[in-house]
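What follows is calculated from the coordinates using simple rules that are stated; it is not laboratory data. All figures in this text were calculated on a predicted structure; none of them were measured in a lab. Counting neighbours? That spans all protein chains shown, and the Cβs are built from the backbone with ideal geometry, glycine included.
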Amino acid sequence: MKKYIFLILTLILTLGSCDNVLDKEPLGMISDPIVWSDPSLIDSYLANSYDLSTFINDIEYDSHRGWASGPLSRAWFPVSTITNISDECAAGWEPSWETGGYKPYDFRVDNCFNSWWAYPLVRELNYFIEKIADAQVDEDFKKQRTAEARFLRAFAYFNMVKRYGGVPLITKVQNIDDPQEELYPARDKEADVYDFIISECDAISGELKDVKMDDGRPTKYAALALKCRAALYAGSIAQWGNVQLDGVIGIPADRADSYYQASYDAATSIINSGYFALYDKDPDKATNYRNIFMDENNEEVIFSEMFDGPSGKFHGWDLMNEPYGYHPWGCGGQSCAYLETAEAYEYKDGSPGIIDRDKIDNGYLWTVDELFGNKDPRFHASLQTQGSVWLGDTLQVYKGIITEDGTITEDEYKGIPGRGRSANPDKRPYGTPFMMLKYLDESLGIVPTWGTSKTDWIVFRLGEILLNKAEAAFELNRPDEALQLVNQIRERAGVAQLTTIDRDKIRHERRIELAFEAHRWWDVRRWRIAVDVLSKPLSNIKFILDYKTRKFKLEIIPNHDGLPTPQFLERNYYYPLTLELTNNNPNLVENPGYQ
């Protein structure tokens with residue numbers, strides 16, 4: 001073992017350029033052979049790989065930009081980052097911290113945001129898989145932990161392929177005497193990476209436990225859920241993308257149906273298992289939907305990343321997104337929905353949730369109930385706005401008062417503050433009046449500091465699986481089944497059933513049901529609609545309190561971010577590998593448009 005470690009260290013020292021490509025420096029290499037005969041020490045080794053896997057919203061904050069990088073990034077910004085870069089939300093704090101440099105989709109070849117080159121993790125997992133094969137431990141334990149490691153490795157490759165397209169498939173530990181083409185590997189085809197992920201999920205689904213949950217470890221159904229999601233992505237890319245670089249990016253169109261079928265079949269296996277059901281415990285539909293994320297390990301959850309409790313981990317979702325006026329630093333509302341997102345929520349009768357523009361233009365005065373009373377209950381479970389209740393207080397997000405003589409002031413007027421406590425304060429003028437609620441734990445009260453949230457992050461839940469299957473069924477020309485699946489989601493939500501189905505309706509339902517769960521950014525990219533969807537300014541709305549009636553005048557702000565119109569380009573469907581990687585490994589070809 002000591003000789004083996006010496007060879008690895010020699011490789012790192014003599015091939016310095018290569019370790020920048022695959023980052024092969026040993027992280028937690030264990031030289032004591034006793035480890036591989038002790039299940040508790042084996043578990044300790046694997047626990048580090050779980051931590052590196054970053055399940056929370058499938059992303060790692062860009063390690064190259066700013067102070068919010070590295071391990072603390074998981075406590076500060078990761079959920080907000082992937083939500084705010086999409087068309088779901090704006091950053092409620094200074095945009096320079098979050099999306100100010102990103103909203104124009106500044107994918108730079110010298111430094112790309114949201115990068116996730118996962119080879120440190122892949123190396124650790126390959127090492128683990130090789131060493132445990134000869135470990136002197138119980139065979140069932142060995143089988144389970146090997147399958148877990150393969151799941152983590154497949155998840156890592158999924159995180160890379162959805163960013164870069166094809167990446168090198170490395171499934172064994174590299175040694176100093178390996179051929180140069182293995183030490184400096186070329187990129188595999190995008191289809192081959194997806195095929196690897198799917199085949200690994202098939203293989204390990206028979207090895208992992210056939211149970212609903214396993215104390216934060218992946219089960220058979222977590223592997224099937226990963227297959228379901230990955231195959232759906234691959235089907236979309238085959239259907240809507242273009243093959244370039246001889247298949248390093250893009251998937252042949254004739255493979256779309258086989259991927260959709262794989263996604264459909266995996267979803268069917270999960271649904272038919274009998275372990276899972278849509279969460280439906282509370283008669284109040286908004287409360288019920290909100291509790292999907294508060295009532296941990298409920299019947300809808302397939303796999304979640306555990307925070308606090310057994311993992312000892314924590315994150316700052318609650319601190320970052322407390323309502324304005326309740327945040328201990330005077331911030332709050334780090335992820336605030338655009339008006340377009342708020343209006344995407346229909347009314348309960350299924351009619352569009354768009355606010356009447358003629359009434360706005362004519363100075364109509366609204367009650368909160370007129371605006372939001374009949375909204376899809378998921379709106380009230382996911383967002384807070386004027387009239388919402390937090391910690392027993394009614395939120396006041398208005399900015400300005402219409403005085404008795406019709407003028408507007410933001411000064412105090414007859415004992416009424418010129419702006420509500422919950423309006424974004426002057427020093428943080430970037431948010432919208434639609435503040436995040438989903439995943440916030442109100443029982444924490446006013447959160448004093450970061451890292452206090454104990455809320456688990458749901459990686460896979462049945463709601464997503466039903467929508468995955470609906471999308472796959474529709475693309476496989478099974479519209480009746482797609483309609484039935486979507487209506488299951490709508491019935492639980494408390495929204496009118498659809499009578500017909502089409503692709504846009506399925507995508508719309510996904511936008512609402514999975515809002516702020518780190519899906520939207522990847523969805524608009526895999527559907528290849530991001531060039532249209534993300535290349536436009538997004539809106540805000542201002543509430544102005546009428547002193548006499550206590551109703552509200554509305555004012556639309558058409559370009560909330562105040563930036564030049566964002567431009568998501570065709571090349572941005574893939575991230576650049578960056579010069580750092582391609583300079584250190586000449587066999588890594590860069591993605592088109594970034595040379």
Over 18 Å between alpha carbons, listed pairs Lys131/Lys172; Lys103/Lys536; Lys375/Lys536: Lys375/Lys536
Links that overshoot a 19 Å alpha carbon limit, given the list Lys359/Lys553; Lys414/Lys548; Lys281/Lys438; Lys414/Lys542: Lys414/Lys542
Karplus (6.51, -1.76, 1.60) ³J(HN,Hα), θ = phi - 60°, over segment 290-302, in Hz, Gly and Pro reported as x: 4, 6, 3, 9, 9, 8, 5, 6, 6, 5, 8, 7, 9
Relative packing of 525-538, 116-129, which averages over residues the other C-beta atoms within 10 Å, highest first: 116-129, 525-538
Sorted peptide list for 486-496, 239-249, criterion being average Cβ within 10 angstrom, highest first: 486-496, 239-249
13 Å Cα-Cα reach of Lys399 towards aspartates and glutamates, excluding residues that sit fewer than 8 places from it in its own chain: Glu410, Asp411, Glu412, Asp426, Asp546, Glu555
In Hz, Karplus ³J(HN,Hα) per residue of segment 383-388 (6.51, -1.76, 1.60; θ = phi - 60°; x = Gly, Pro): 10, 10, 8, 3, x, 5
Ile34 paired with Val533, simple spin-label distance in nm, labels 7 Å along Cα-to-beta-carbon: 5.4
